[in-house]
Amino acid sequence: MKTKLPISDKTRAFTLIEVMVSMVIVLILVLVFSTMTDRTVKIWRDTRGKVSQFQQARDAFDLITRNLSQATLNTYLDYYDAKGARREAGNVAAFEPSRYGRYSDLRFVAGKASQILGLPEKQCPSQALFFYAPLGETGVTANTSLNHLLNLVGYYISYDADTERPNFMPIAQGYGFRLMELRQRSESLTMPKPGLVWPPAVTNHPDAHIVARNIVALTFLPKLAETGAAAARTADGIGQALAPNYQYDSHTKGRGEQRKELNSMHQLPPIVEVTMVAIDQDSAERLGRESSPPDFGLEQLFQNADPDVNRKDLDTLLSRLTELHINARVFRTEVALKGAKWSHE
C-alpha cells in the first residue's frame, strides 16, 4: 500500500509565469550589458580615432619645430660707408669704408602668408615662415652623403584640391586645408637678391609638398628672451617687443627705429613661438565638399601679438569652430634658434 506524502514534502517546480519573468529580467540585463559594451567600444574607437587623426598634425608640428631650430643666416661682418651703404661690386672704386656692420646673403621672414607668397588670403590663410637651414636636401645622388647642404625651407597653409590623392581613393574631388612645406633642394637654391622674386612661387613648385592635412591656422611669433637682468635691453618680459604684429624680416630694421636693440637687420630672432590649430578628419570631409574655403574669420585674427589679444584670438577661433561642430586641437611651443646671436649694436 502506497503512502501518500503530505503536500509540504512534495518537490515544487517554477510556474510558467515565474519562468517568463525570469527570462524578461535576463533579457533586460543582457540588453543593458550589451548597450554598455557597445558604448564603451564606441568611446574607445572614437578616442583612438581622434588620437590617430591628430597624429599627422603632431608629426608635422614636430617637423616644423625641429627644422626651425636649425635656421641660419650665416651672418658676417662687412664694410659700410658713412651713409650706411655696403661695399658692392658697383661702388668699389669710390667706396670709403667707415665701419663694420652685420650682413647676410640669406633671409628669415615671417608674417601673413598672402603677403609673403603674393596669393589670395582665402587660398593661403594665416601666416607663413621662410628661412634657410642646413637640412641636406638634394636631388643629386652623388650629394646624398652631404648631410649639411643648405636649403630654403618654408611653411604655409593652402586651401586647395588634394593634389597628392592616391589612385585608389574615390574619384570624387576633395578640398581642404593643407600644411605645405617648401624644401628647395640645394642644387636649385634661390637666394634673396634685389629684383628677384623671393620666396619663389610655390604654386606647382616641384619641391613643395603636403606635410599634414586639416591644419586651419598657423602662426609664428619671433621673440626675445622673456627673462634676463632687469636692465637687459635684449630681454622681453611681455613677448611682443620684437614683432608686435607678427611681422619679421631680417632684411629690414624692423623696430630698430624705435629701439636700437630691436634692429632685426641680418639677425635671427632668438625664439619663435609656433602655434598650430588642427581639425578632425570628419569635420574636414564635411567642409571639403566646397571648392571655396570656409570663413573662420582668420583675416581679423592674429594681427596683434599682445599676449592677452593672442589668447583672445585663439579662443575666438576655437569658439567659431565649436559653433560649427568642428573638433579642434591646438599645438603650441617656443623654439630656440641655435644660430641666433642677437646683438643690439
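Since every read-out is calculated from the coordinates, none of them should be taken as a lab result. The shown structure was predicted, so the numbers you read here are calculated from the model rather than taken from an experiment. Here the Cβ is made from the backbone with ideal geometry for all residues, glycine too, and neighbour counts use every protein chain on show.
Below is a table of values for the structure above.
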item: Out-of-range pairs (alpha-carbon distance over 31 Å; input K122/K338; K253/K338; K112/K193); result: K122/K338
item: T316 paired with I238, simple spin-label distance in nm, labels 7 Å along Cα-to-beta-carbon; result: 1.9
item: Against the rule of thumb 2.2 N^0.38 Å, how large the Cα Rg of the chain comes out; result: 1.52
item: Helix-only [θ]222 nm of the chain, DSSP H runs n ≥ 4, -39500 (n - 2.57) each, per residue, nearest 500; result: -8000 deg cm²/dmol
item: FRET efficiency, 1/(1 + (r/R0)^6) with R0 25 Å, evaluated for D282 and A201 via beta carbons; result: 0.15
item: Two-site label geometry, R289 and M23: point separation in nm, points 7 Å out along Cα→Cβ; result: 4.7
item: Projected label distance in nm at Q115 and A225, using a 7 Å step from Cα toward the beta-carbon; result: 2.9
item: Zone of S34's modelled label, taken as backbone nitrogen in the range 14-28 under 14 Å from a point 7 Å along Cα→Cβ; result: 24-28
item: Crossing angle, helix 307-323 versus the chain [Cα axis fit, 0-90 degrees, rounded to tens]; result: 40
item: Contact order normalised by residue count of the chain, Cα under 8 Å, 6+ apart, percent; result: 17
item: In degrees, nearest ten, helix 16-53 long axis to first principal axis of the chain (Cα); result: 10
item: Candidate aspartates and glutamates - alpha carbon under 17 Å from K341, same-chain residues fewer than 8 apart omitted; result: D78, D105, E226, D236, D249, E261
item: Charged-residue dipole, Cβ positions (Lys, Arg, Asp, Glu), the chain about Cα centre, Debye nearest 20; result: 1020
